[in-house]
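Worksheet for the structure shown next.
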Amino acid sequence: MQAPHEGAEEDLRLNVADAVVGVVRRGGVVHREEHARDRLQGEEKERGRAEDVDPGRAAGDRLVVVGTASKTYCMTGWRVGWVIGPRALAEAGAALNSHSVQSPATFAQLAAVEALTGPQDVVRELAEEYRRRRAFIHPAIAGIPGVACPEPAGGFYLFPDVSRHLSREIPDTVALATRLLEDKGVAVVPGEGFGAPGYLRLSFASAMADLREGARRIADALVAPGRGRA
């Protein structure tokens, strides 16, 4: 389970996390929770993680937390991550990793240690900047006629429902994404890759000027005469 999860970037609430832990305890299964963008929350509000559940109901040694420096510390491509969980599982994972991809470069490991143990001001500044960009791009996309777009709770993606703009000419969001790229020079990801046909994934990890122009081009493409269901 990802938190925030891929796609709509919706976050978990404590009651949901509590319910998940209940299933884990009753079913005797292992719960893997990924915190790739955990520190980049949309705002400070109640959220839920398996480790936040009341200790008396906790998942205990059935909880495995996976983290990475890629998003929070802008170290994409450095391939540095970690696993927190039962020692036997962590050691087995380390053994498997060492025989498949070797280890991250020494300088990358040292950089990750500095990132994790050093001042976290840059993380707070990054989260605030993403909130500023979200404050622009969300209403800009959600305001396009025929588009429904929930506000993301974390991360830096929008996941709008554009199904009302599909037609016989453009039957799915793969075709729509191709049209946006070829005609408008805007790159988006089709929702089919997330098991959500009719949706697009948009990143706002870009300069404000690019976001403004991108939103304008998307709106221009979707409200063009003759577009929509046919």
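Read-outs throughout are calculated quantities, based only on the coordinates presented, and are distinct from any laboratory measurement. Because the structure is a prediction, the values reported are computed rather than measured. Cβ atoms come from the backbone with ideal geometry, glycine included; neighbour counts cover every protein chain shown.
Values as computed for the structure displayed
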item: Long-range HN-HN contacts of residue 34 with modeled amide H, under 5 Å; result: 2, 3, 66
item: Built amide H within the under 5 Å cut-off of residue 199, gap 5+; result: 162, 191, 192
item: Charge sum, other residues only, whose C-beta stays under 9 Å from residue 190's C-beta, Lys/Arg counted +1 and Asp/Glu -1; result: -1
item: Whole-Hz ³J(HN,Hα) from phi, Karplus 6.51 cos²θ - 1.76 cosθ + 1.60, for the stretch 91-96, glycine and proline x; result: 5, 5, x, 5, 5, 4
item: FRET efficiency, residue 136 to residue 116 (Cβ-Cβ, R0 45 Å, nearest 0.05); result: 0.90
item: Virtual spin-label span in nm between residue 92 and residue 220, 7 Å along Cα→Cβ; result: 5.5
item: Rounded, prolate or oblate (a/c below 1.5 giving rounded, otherwise prolate when a/b exceeds b/c) for the stretch 122-222 by Cα gyration tensor; result: prolate
